[in-house]
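Participant: Before we start, here is the structure in question, set down as C-alpha cells.
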Amino acid sequence: MAAAGTYEQNLATAAELMPKFGAAPLLHLIGGKKVASASGATFTNNSPIDGRVLGEVASGASEDIDAAAAAAKEAFATWSVTPGAERKRILHRVADLIEERALEIAIVESIDTGQPIRFMAAAAVRGAANFRFFADLAPSANDGVSLPTEDHINYTMRQPIGPIGVITPWNTPFMLSTWKIAPALASGCTVVQKPAEWSPLSAALLADIALEAGLPPGVLNVVHGLGETAGKTLTEHTDIAAIAFVGESSTGTAIQIQGAPTLKRVHFELGGKNPVIVFDDADLERALDAVIFMIYSLNGERCTSSSRLLVQRSIRDDFEARIEQRIAAITVGDPLDPATEIGPIIHPRQCAKVRSYVDIAKQDGAKVVVGGGGDVDPDSQYVNPMMFAQAENNMRVAQEEIFGPVLTVIPFDDEADAVAKANDIEYGLAGYLWTSDTGRAHRVARDLEAGMIWVNSQNVRHLPAPFGGVKRSGIGRDGGDYSFGFYMETKNIAVAYGDHIIPKLGNHD
Ligand code: NAD
C-alpha cells in the first residue's frame, strides 16, 4: 500500500507536483498525442482546500470528441485482435507504473477532490489492483462455451463491442476510472474517457501512465470538458458502441435519452441512499465502527455510503448517543494531513447542497447533531460530520442522496418494518445489516432491494464479485466476468455435422 507521508512531507511533495498543472493548460489525449481543444477553449480548475486555482483545463467540444472517437475507432481495428497475452503484458505495465506513482496520484487526487490522503493512498493502489486483475483475465476474455446438439456443434466466442465512452464522476475519480477502463481495455475495446470537470487531474496522470506503459495510440483517449457539451456529444456519437457511466441517477436518465438514437448499450453506476440496518442482537461495537466508517469516510461522497441508518427502536437512543460521542472526535481538516478524517467538499455547489439539508432536517422535525469538534469557516468548503437523529423514513433527509458526511437515523420496530423501510426508497445500490441471528441475516439479505448486501461488514470488495445496483441506482454489473458481459458481444456459431434434414422448397419430386 502507498503509505501517505507525514503532513510536512505531503505538503513538500505537493509543492513540487502542483506547479506543472498551473504552468500550462491540461490537455486532451487523442490518438496518442497531447492536444488542446480545437476551439482553444479552457475551463478553470480550483482546489476545494482553499479555492486556489490549480490551472486551466482544455474544454472539449464536438470536434474534440469526433477526433477522439475516430482515433479510438482506428485503434480498435488492431487492439481488438491484439493477442490477450500482449494486452495482459501492457496492462500489467500500467499497474506497475500506477504503483510506482501511487503517492503522487494520491496527493494530486487529494488536492483536486478534497478527499483525505489516508483514503486516496489506498485508492491509488486499488487502481493498480484493478488493472492487474483485468490484465490477468485478458487472455481468456474471448472464451466461450460449447453447446452441442445431435446434428450441430454450437459454440460461442466473445468479441469486444467497439470503442467505449467512459464518463466518470468526481468523488474518487482515479479509482473509478480504472474500474471502467481496465476491463474495457482487457476485453479488446478502445476508450474515450470524459472525466468529471470538477476533478480532472488524475485522469491526466493515468493518460501519461498509459502512454509510458506502451499502450498503442488511440487505445485510450481522454477528452476533458463539461458534461453538457463533451459528455453529451460522446453519448451521441455514432462511432461509440457503448457508454460506461458512473454518476448521478438524473444524468443516467439524460444519457439514456441522448444515446437512444444510436441505440447505445449503457452500463450505469448511479446514486444511492443505502440503508444500514442494526438489529438489537447485533455486535453493537462492530456495528458502530462500520456505520461510522461507511458514512464519514471519503467525505461521505461515496455511492455505497450507509447514509440511512435503520436502528431497532429499543436501542435507538443509546446508539444515537454513541454516534454523537464518536463524531464529536472526528478530525476535519486539510486532506493532505494523514490525521484528517474528513476533508473539504469538492465544490462550492456541492458544499452548499450538503449544508442546505440542515434546514431541511430541522423543518421536517429531525434533530441536527454536529460533530467534528468545533466550528468550521462557513465560507470554506469544509463541513463538520453531521447526524440527523430521530428522523423518519419519509423525510427528505431520509430519501434524498446528500453525498456528504451526513447520517440520517430512522427507528424500526421489527424485521418486517426494517425491510419495508429499507426498501421504501427509489434507490437500490447497497444494503448493510447487522444481526447475530443467522436465519434473519439470510432472510433480510434476500428481501432487501439492492444489488449488493454486506452482512456484519462494511463495504469490503472482492474484485470477481458483481458490483452494481437496482432501481434508480444502476443498470448492469461490473467485476470479474460480469464486466466482460458488458464490454463484449457473445457470438454463437453453429456448424452442421453434415447429415441433418434441410427442408426442401420448390422440389416436388
Ligand atoms: P454527475 O452525474 O453530475 O456527473 C458525472 C459525469 O457525467 C461527469 O463527468 C459529468 O461531466 C458527466 N455529465 C453530466 N451531464 C452529462 C450529460 N448530459 N451527458 C453526458 N455526460 C454528462 O455525477 P457527479 O456529481 O460527478 O458524481 C456524484 C454521483 O455519482 C452521485 O450520485 C454518486 O452516487 C454517483 N456515483 C455512483 C457510483 C456507483 O458505483 N453507483 C460510484 C461513484 C459515484
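The values are calculated or read from the model by the stated rules, or taken from the named source; none is laboratory data. Predicted, not measured: the structure shown is a model, and the values here were computed from it. Please note: Cβ atoms are built from the backbone with ideal geometry, for glycine as well, and neighbour counts cover all protein chains shown.
Participant: Considering only residues that are assigned to a strand (DSSP E or B) and among the aliphatic types (A, V, I, L, M), look in the range 113-160 and name the one that is nearest to the chain's Cα centre (by Cα). Show your work before the answer.
Facilitator: So the first thing to find is which residues in the range 113-160 are assigned to a strand (DSSP E or B), and the list is 146-148, 152-160.
Keeping just the survivors that are among the aliphatic types (A, V, I, L, M) gives 147, 153, 157.
Numbers: Leu147: 36, Ile153: 41, Met157: 29 Å.
Result: Met157.
Participant: Now for a different question. Starting from the range 167-185, keep only residues that are under 21 Å from Ser110 (Cβ atoms) and assigned to a loop (DSSP other than H, G, I, E, B), then list their pairs with residues that are of a type in the set (Ser, Thr, Tyr) and more than 10 Å from the ligand (Cβ to nearest atom) whose Cβ atoms are within a distance under 8 Å, requiring at least 6 positions of separation or different chains.
Facilitator: Sorted first by the residue in the range 167-185, then by its partner, the pairs are Thr168/Ser177; Trp170/Thr113; Asn171/Thr113; Thr172/Thr113.
Participant: Would you tally the residues in the range 458-509 being in contact with a His (Cβ under 6 Å, 6 or more places away or on another chain), more than 19 Å from Thr190 (Cα to Cα) and buried (at least 16 other Cβ atoms within 10 Å of the Cβ)?
Facilitator: Here the count works out to 1.
Participant: Now, a different point. Is it fair to say Ser62 is under 20 Å from Thr233 (Cα atoms), in contact (Cβ under 8 Å) with a residue 60 or more places away in the chain, surrounded by fewer than 20 Cβ atoms within 10 Å (Cβ to Cβ) and of a type in the set (Ser, Thr, Tyr)? Even if it seems obvious, please write down each step before you answer.
Facilitator: On the way: under 20 Å from Thr233 (Cα atoms): yes; in contact (Cβ under 8 Å) with a residue 60 or more places away in the chain: yes; surrounded by fewer than 20 Cβ atoms within 10 Å (Cβ to Cβ): yes; of a type in the set (Ser, Thr, Tyr): yes.
For Ser62, the condition - under 20 Å from Thr233 (Cα atoms), in contact (Cβ under 8 Å) with a residue 60 or more places away in the chain, surrounded by fewer than 20 Cβ atoms within 10 Å (Cβ to Cβ) and of a type in the set (Ser, Thr, Tyr) - is met.
Participant: Next question, about the same structure. Suppose we filter Leu103, Leu97 for residues that are among the hydrophobic types (A, V, I, L, M, F, W, C), under 25 Å from Pro217 (Cα atoms) and modelled with pLDDT of 95 or more; which single one remains? Working first, answer last.
Facilitator: On the way: Leu103 fails: under 25 Å from Pro217 (Cα atoms).
Of Leu103, Leu97, the one residue that is among the hydrophobic types (A, V, I, L, M, F, W, C), under 25 Å from Pro217 (Cα atoms) and modelled with pLDDT of 95 or more is Leu97.
Participant: What is the residue count in the range 472-498 for residues that are closer than 22 Å to Lys264 by Cα, outside any helix (DSSP H, G or I) and either over 17 Å from the mean Cα position of the chain (by Cα) or away from the ligand (no atom under 16 Å from the Cβ) (or both)? Steps first, please.
Facilitator: Filtering the range 472-498 down to residues closer than 22 Å to Lys264 by Cα leaves 472-479, 481-492.
With outside any helix (DSSP H, G or I) added as a condition, the list becomes 472-479, 488-492.
Right, trim to either over 17 Å from the mean Cα position of the chain (by Cα) or away from the ligand (no atom under 16 Å from the Cβ) (or both) and you get 488-492.
Number of matching residues: 5.
Participant: A further question on this structure: Kindly check whether there is at least one residue in the range 376-385 that is in contact with a His (Cβ under 9 Å, 6 or more places away or on another chain) and either under 29 Å from Phe467 (Cα atoms) or modelled with pLDDT of 95 or more (or both).
Facilitator: Taking the range 376-385 and keeping what is in contact with a His (Cβ under 9 Å, 6 or more places away or on another chain), we get 381.
Filter again for either under 29 Å from Phe467 (Cα atoms) or modelled with pLDDT of 95 or more (or both), leaving 381.
Yes, because at least one residue in the range 376-385 is in contact with a His (Cβ under 9 Å, 6 or more places away or on another chain) and either under 29 Å from Phe467 (Cα atoms) or modelled with pLDDT of 95 or more (or both).
Participant: Out of Glu197, Glu212, which single residue is more than 15 Å from the ligand (Cβ to nearest atom) and more than 18 Å from Ser80 (Cα to Cα)? It would help to see each step written out before you state the result.
Facilitator: On the way: Glu197 fails: more than 15 Å from the ligand (Cβ to nearest atom).
Result: Glu212 is the single residue among Glu197, Glu212 that is more than 15 Å from the ligand (Cβ to nearest atom) and more than 18 Å from Ser80 (Cα to Cα).
Participant: With the condition kept exactly as written, say whether any residue in the range 425-438 is at negative phi, touching a residue at least 60 places away in the same chain (Cβ under 8 Å) and in a helix (DSSP H, G or I).
Facilitator: No, every residue in the range 425-438 fails to be at negative phi, touching a residue at least 60 places away in the same chain (Cβ under 8 Å) and in a helix (DSSP H, G or I).
Participant: Now, a different point. Can you say whether Val419 is within 24 Å of Ser297 (Cβ to Cβ) and at pLDDT 95 or above, as far as the supplied structure shows? If you could, list the steps in order and put the result at the bottom.
Facilitator: On the way: within 24 Å of Ser297 (Cβ to Cβ): no; at pLDDT 95 or above: yes.
So Val419 does not fit the description; no.
Participant: On the given criteria, is Ile65 modelled with pLDDT of 95 or more, under 21 Å from Ser177 (Cα atoms) and either in a loop (DSSP other than H, G, I, E, B) or not charged (D, E, K, R) (or both)?
Facilitator: On the way: modelled with pLDDT of 95 or more: yes; under 21 Å from Ser177 (Cα atoms): yes; either in a loop (DSSP other than H, G, I, E, B) or not charged (D, E, K, R) (or both): yes.
Judged against the criteria, Ile65 is a match.
Participant: Only one residue in Leu97, Leu147, Leu91 is more than 16 Å from the ligand (Cβ to nearest atom), under 29 Å from Ile255 (Cβ atoms) and in the same structural domain as Pro200 (by TED's automatic domain parsing), so which one is that? Write out each step before concluding.
Facilitator: Working: Leu97 fails: under 29 Å from Ile255 (Cβ atoms); Leu147 fails: under 29 Å from Ile255 (Cβ atoms).
Answer to the check: Leu91.
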